[in-house]
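Working notes for the structure below.
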Amino acid sequence: MAYEHNRDILKKVVKNKEAIRNVSIHRLPDGTMDIKSNLETWNRLLEQFDQIQLWKNGAPGYDGRDPLQPQPSMIFIPAEDTKHIHGTIMVSHGGGFETCTGCEGFNVAEYFNRMGYNTAILTYRLKPYNRLDALEDIKRAMRVLRSMKDELHISDKIAAMGFSAGAMLSANLATHFDYGNSVSDDRIERCSSRPDACVMGYGAFSDVAFPGNFFLNNPFKDPRRAESVFLSPEECLSSDTPPFFIWQTISDDPRNAMQLGWRLTQHGIPFELHCFPEGVHGLALADGNNDLDMNLPHVAHWAELCTEWLGENGI
């Protein structure tokens with residue numbers, strides 16, 4: 001089956017902890033984020049895999065302004081059970097839309113692949129590109145998966161899963177999807193970008209729910225800006241919005257997660273919400289294999305709960 005070797009490479013990457021950069025080396029001596037080393041690490045990991053480019057002739061608006069950012073792409077890892085057609089989880093890393101947190105991409109994808117899912121690791125555009133560029137990338141990735149479903153031997157059921165910035169991006173996809181352009185000359189654009197579920201790991205942040213009191217690095221701080229409303233998922237829900245699985249730690253100001261849950265309730269959209277009393281931002285699987293070197297067994301249950309939830313929602 002296509003891309004089977006990616007599964008073996010992913011297992012090696014996780015076993016050798018190649019995607020983990022301890023928090024102690026995240027910053028330069030002057031205190032600024034070491035974005036260069038972080039992106040270089042991500043790119044070295046990408047080079048080991050066969051990737052799927054999201055646009056054959058390059059992404060619209062991509063101009064190579066940042067030599068450390070390759071064209072938007074996706075790594076596909078097929079489920080080990082090839083006798084049946086399985087659902088797919090598309091994983092989007094965090095990093096504040098500036099960097100790539102490897103454990104939130106590779107380690108998470110490997111876990112859910114072991115749970116029987118096809119997984120895909122998304123590389124989306126970061127600053128100096130903007131969040132609207134990143135949204136176009138994740139929408140295209142969803143279309144690409146559906147356009148390749150026969151080749152990849154996958155079902156139509158695809159969940160968008162993200163962490164921190166990647167969770168925000170996944171929620172934007174879940175609230176700004178479309179069902180494809182049936183008259184497009186590009187067969188990929190004819191496919192739907194709607195995810196069948198959205199999983200948010202410590203990314204339930206909003207610029208309009210509780211302005212000025214959280215995630216100070218968010219580049220869209222002004223609640224008066226139309227773009228801030230557009231990028232706040234609780235403001236953009238509809239009857240077609242897919243179900244949400246949301247998990248957060250208390251240190252991440254869970255009011256935002258609860259506010260999203262309340263708005264989902266108002267719209268009759270199914271969701272599951274977990275606010276864990278311990279832990280901090282950036283835990284990924286919370287199993288010790290993260291940049292924080294934190295192993296929190298109670299918080300780590302989120303992955304088991306999510307696996308059950310995905311199954312109950314037909315993914």
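Odds and ends about this structure:
- Taken over the range 60-100, the residue count meeting the criterion of being farther than 22 Å from residue 26 by Cα and free of Cβ contacts under 8 Å to residues at least 40 places away in the same chain is 7.
- Total residues in the range 3-46, condition in contact with a strand residue (DSSP E or B) (Cβ under 8 Å, 6 or more places away or on another chain) and in a loop (DSSP other than H, G, I, E, B): 3
- Residues of the range 1-55 that turn out to be closer than 29 Å to residue 151 by Cα and among the hydrophobic types (A, V, I, L, M, F, W, C), as a count: 14
- In the range 286-296, the residue that is nearest to residue 201 (Cα to Cα) out of those that are open to solvent by 50 Å² or more (accessible area, probe 1.4 Å) and touching a strand residue (DSSP E or B) at 6+ places or on another chain (Cβ under 8 Å) is 287.
- Cβ pairs under 8 Å, 6+ apart, first in the range 169-183 and more than 10 Å from residue 242 (Cβ to Cβ), second assigned to a helix (DSSP H, G or I) and of a type in the set (S, T, N, Q): none
- In the range 235-244, residue least open to solvent (accessible area, probe 1.4 Å) [restricted to those that are modelled with pLDDT of 95 or more and under 13 Å from residue 259 (Cβ atoms)]: 244
- Sub-8 Å Cβ pairs linking a first residue in the range 257-275 that is at positive phi to a second residue that is open to solvent by 50 Å² or more (accessible area, probe 1.4 Å) and not in a strand (DSSP E or B), at least 6 apart or interchain, are 268/239, ordered by first then second residue.
- Flag if residue 251 is modelled with pLDDT under 95 and surrounded by 21 or more Cβ atoms within 10 Å (Cβ to Cβ): no
- Top-ranked residue of the range 258-285 - restricted to ones that are among the aromatic types (Phe, Trp, Tyr) and open to solvent by 20 Å² or more (accessible area, probe 1.4 Å), ranked as modelled with the lowest pLDDT: 262
- With a requirement of 1 or more residues that are out of contact with any helix residue (DSSP H, G or I) (no Cβ under 7 Å at 6 or more places or on another chain), within 20 Å of residue 187 (Cα to Cα) and of a type in the set (Lys, Arg), the strands (runs of 3 or more DSSP E) lying completely within the range 47-164 that satisfy it span 154-163.
The values are calculated or read from the model by the stated rules, or taken from the named source; none is laboratory data. Model, not experiment: these values are computed from the prediction. Because the Cβ atoms are built from the backbone with ideal geometry, glycine has one as well, and the counts that use them run over all protein chains shown. Just the protein is used for accessible areas: all its heavy atoms, side chains included, with ligands, DNA and RNA removed. Shrake-Rupley method; radii C 1.70, N 1.55, O 1.52, S 1.80 Å.
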